[in-house]
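Here the structure comes first, spelled out in structure tokens, and everything after it is commentary.
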Amino acid sequence: MPRVSLPSQLQSYSGGLSRTEVPGDTVAAVLDALDARWPGIRFRVIDEQGRIRRHMRIYVGQDRVLDIGRTLSEDEEVLLFGALSGG
Amino acid sequence: MSHAIQLLIGTRKGAWIYRSDAARQAWTVDGPHFLGCIVNHLVLDPRDGRTMLMAASTGHLGPTVFRSTDGGATWAEAARPPAFPKAEGDNARSVDHSFWLEPGHVGEPGVWWAGTSPPGLFVSRDGGETWDGVAGFNDHPKYWDWCPADGGTPDGALLNQIVIDPRDPAHMYIATSTGGVFESLDSGGSWSPLNKNVEASFLPDPYPEYGQDAHYIALAPTNLDRLWQQNHCGIYRLDRPSDAWERIGKQMPPEIGDIGFTIVPHPRDADTAWVFPMDGTEVWPRVSPGGRPAVYRTRDAGASWERQDAGFPREQGWFTVKRQAFCADGGKPVGLYLGTTGGELWMSDDEGASWRCLARHLPEIYSVVAAPL
């Protein structure tokens, strides 16, 4: 099951958890699984058109994700970050 | 007589609630709520006196709406915040932030309206828990003419206000930063521009059918046929059924001008309103003209204006007061409240005759809403 790293900005949803595991064979499926567990979390990261929000970043391992359709293997880790967003 | 008031303060870094005693002299502070969140609007539902909605986002995260059903003691996120439908191409809009929250008509409990950036009109019929787009505006054939993608404020183009006629829930006005004012007679199903005689000095045709930047509109509570408008290009009044606005700001002192972000009607006197002028000359500093903050009041529907500045700095006071950051309560005498981009909260308990600072050092204030406590 893919591992997920959550930034501080999303830990109000996860009850303070910074790491978890959810099922999913794509980044989109992982985000859906996170949203099923913590309703609302996906929309804070992905807009209604399926685009990653401007000040959020998603990586799988060292690879930047630009398309949430990216496939995942069971042993990969999805890392969510809050990127720079101003003062 | 006056009554205890709560001031709902939205800032760039969170929300605060200030509560007064019955004399509006002693104030207590409750906050911050959602520290670090960008709070564009925090509004109490006057129909039940306890439901609050908050339009929030953060620098990183997408926009949402938080709800409280206990007067701000506890909060929960809306299950489905305002969002445009999935679409292709230019029509693939996404809500950057909700800007304005409007409780629905008193006869429609649970109904709320929201205006967003980019301009979008949304409605909730369950007290703000779930939201749907209003296709009559968002998918109007003229939408992209009224709301061009490259238009708008530094924080994005806005549907910045929603006004509902207390006599008829189907009769609505909205204000936008890219198209001016629009009117609907069928609960938002269809819309028509309402901008005759309103200037748009930044367009080749300075009096177009639409394209104006309507900073703020307000109904006179005791004359619901009277609309006040603080526009990017001056102060206006409209008395329905006429559709032609009158530029009442021409009577302001020329060295002050009639540029500003907001206008506040008197709750009981339809000829009285207040504005907070800002410098709209040359490069548009958008600060108090000359560094001398003042409110201006008309008591004759805009035929004349008087300066009210007692208590404000006499010099070097470079205030800016944004669209949603100036309001009145219903007290006798009327209490006035304004929040500045410099994080100061000011009040007058004598209808603007004198002012005192209630709070300093808050973050940039975006909205101030007065509600009975």
Among (1) more than 17 Å from the chain's Cα centre (by Cα); (2) among the hydroxyl-bearing types (S, T, Y); (3) crowded, with 16+ Cβ neighbours inside 10 Å, the one test that B:S354 misses = (3)
Could you please tell me which pairs satisfy a Cβ distance under 9 Å, a separation of 6+ or placement on different chains, a first residue in the range B:360-373 that is over 19 Å from B:D21 (Cβ atoms), and a second residue that is open to solvent by less than 50 Å² (accessible area, probe 1.4 Å) and among the charged types (D, E, K, R)?
-> B:R360/B:E344; B:H361/B:E344; B:L362/B:E344; B:I365/B:E344; B:Y366/B:R323; B:S367/B:R323
Within the range B:245-277, tally of residues that are charged (D, E, K, R) and under 20 Å from B:V321 (Cα atoms) = 2
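Closer than 19 Å to A:I41 by Cβ, surrounded by 21 or more Cβ atoms within 10 Å (Cβ to Cβ), in contact with a strand residue (DSSP E or B) (Cβ under 6 Å, 6 or more places away or on another chain) and within 10 Å of chain A (Cβ to nearest Cβ): which single residue out of B:A78, B:A83, B:A56 fits that description? Even if it seems obvious, please write down each step before you answer.
On the way: B:A83 fails: in contact with a strand residue (DSSP E or B) (Cβ under 6 Å, 6 or more places away or on another chain); B:A56 fails: within 10 Å of chain A (Cβ to nearest Cβ).
Checking each option against the conditions leaves just B:A78.
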Filter result for B:S98 (free of Cβ contacts under 8 Å to residues at least 60 places away in the same chain, away from every other protein chain (no Cβ under 14 Å) and open to solvent by less than 10 Å² (accessible area, probe 1.4 Å)) | no
Kindly provide the set of residues from the range B:215-236 that are open to solvent by less than 10 Å² (accessible area, probe 1.4 Å) and not hydrophobic (A, V, I, L, M, F, W, C), ordered by number.
-> B:H215, B:Q229, B:Q230, B:N231, B:G234, B:Y236
Got at least one residue in the range B:61-71 being within 14 Å of another protein chain (Cβ to nearest Cβ) and within 21 Å of B:I174 (Cβ to Cβ)?
-> yes
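Confirm whether B:T272 is within 24 Å of B:E246 (Cα to Cα), surrounded by fewer than 18 Cβ atoms within 10 Å (Cβ to Cβ) and more than 15 Å from the chain's Cα centre (by Cα). I'd like the intermediate steps shown before the answer.
Working: within 24 Å of B:E246 (Cα to Cα): yes; surrounded by fewer than 18 Cβ atoms within 10 Å (Cβ to Cβ): no; more than 15 Å from the chain's Cα centre (by Cα): yes.
The answer is no for B:T272.
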Taking the range A:9-27 as the search range and keeping residues that are of a type in the set (A, V, I, L, M) and buried (at least 18 other Cβ atoms within 10 Å of the Cβ), which one is farthest from B:A56 (Cα to Cα)?
-> A:V22
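Hey, can you tell me all the residues within the range B:21-40 that are part of a strand (DSSP E or B) and either among the charged types (D, E, K, R) or more than 19 Å from B:H361 (Cα to Cα) (or both)? Can you show your working first?
Looking only at the range B:21-40, we keep the residues that are part of a strand (DSSP E or B), and these are B:27-33, B:38-40.
Matches in the range B:21-40: B:D30 only.
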For the range B:169-184, how many residues are open to solvent by 10 Å² or more (accessible area, probe 1.4 Å), without any contact (Cβ under 8 Å) to a residue 60 or more places away in the chain and not hydroxyl-bearing (S, T, Y)?
-> 3
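Quick one: would you say B:E246 is on the phi < 0 side of the Ramachandran plot and out of contact with any Lys or Arg (no Cβ under 8 Å at 6 or more places or on another chain)?
Spelling it out, it is not the case that B:E246 is on the phi < 0 side of the Ramachandran plot and out of contact with any Lys or Arg (no Cβ under 8 Å at 6 or more places or on another chain).
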Which residue pairs have Cβ atoms closer than 6 Å, lie 6 or more positions apart in sequence or on different chains, and pair a first residue in the range A:59-87 that is more than 14 Å from chain B (Cβ to nearest Cβ) with a second residue that is open to solvent by less than 70 Å² (accessible area, probe 1.4 Å) and part of a loop (DSSP other than H, G, I, E, B)?
-> A:V60/A:E76; A:L72/A:P2; A:E76/A:P2; A:V78/A:P2
Of all residues making up the range A:28-48, the number that are open to solvent by 10 Å² or more (accessible area, probe 1.4 Å), in contact with a Gly (Cβ under 9 Å, 6 or more places away or on another chain) and more than 14 Å from every other protein chain (Cβ to nearest Cβ) = 2
Would the range B:291-298 turn up any residue that is of a type in the set (K, R) and assigned to a strand (DSSP E or B)?
-> yes
Lone qualifier among B:V95, B:V65 - being among the β-branched types (V, I, T) and in a loop (DSSP other than H, G, I, E, B) = B:V95
State yes or no: is A:R51 surrounded by fewer than 17 Cβ atoms within 10 Å (Cβ to Cβ) and modelled with pLDDT of 95 or more?
-> yes
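The values are calculated or read from the model by the stated rules, or taken from the named source; none is laboratory data. The structure presented is a predicted model; accordingly, all values stated were derived computationally and were not measured. Cβ atoms come from the backbone with ideal geometry, glycine included; neighbour counts cover every protein chain shown. Please note that ligands, DNA and RNA were not included when accessible areas were found on the heavy atoms of the full protein model with its side chains. Shrake-Rupley method; radii C 1.70, N 1.55, O 1.52, S 1.80 Å.
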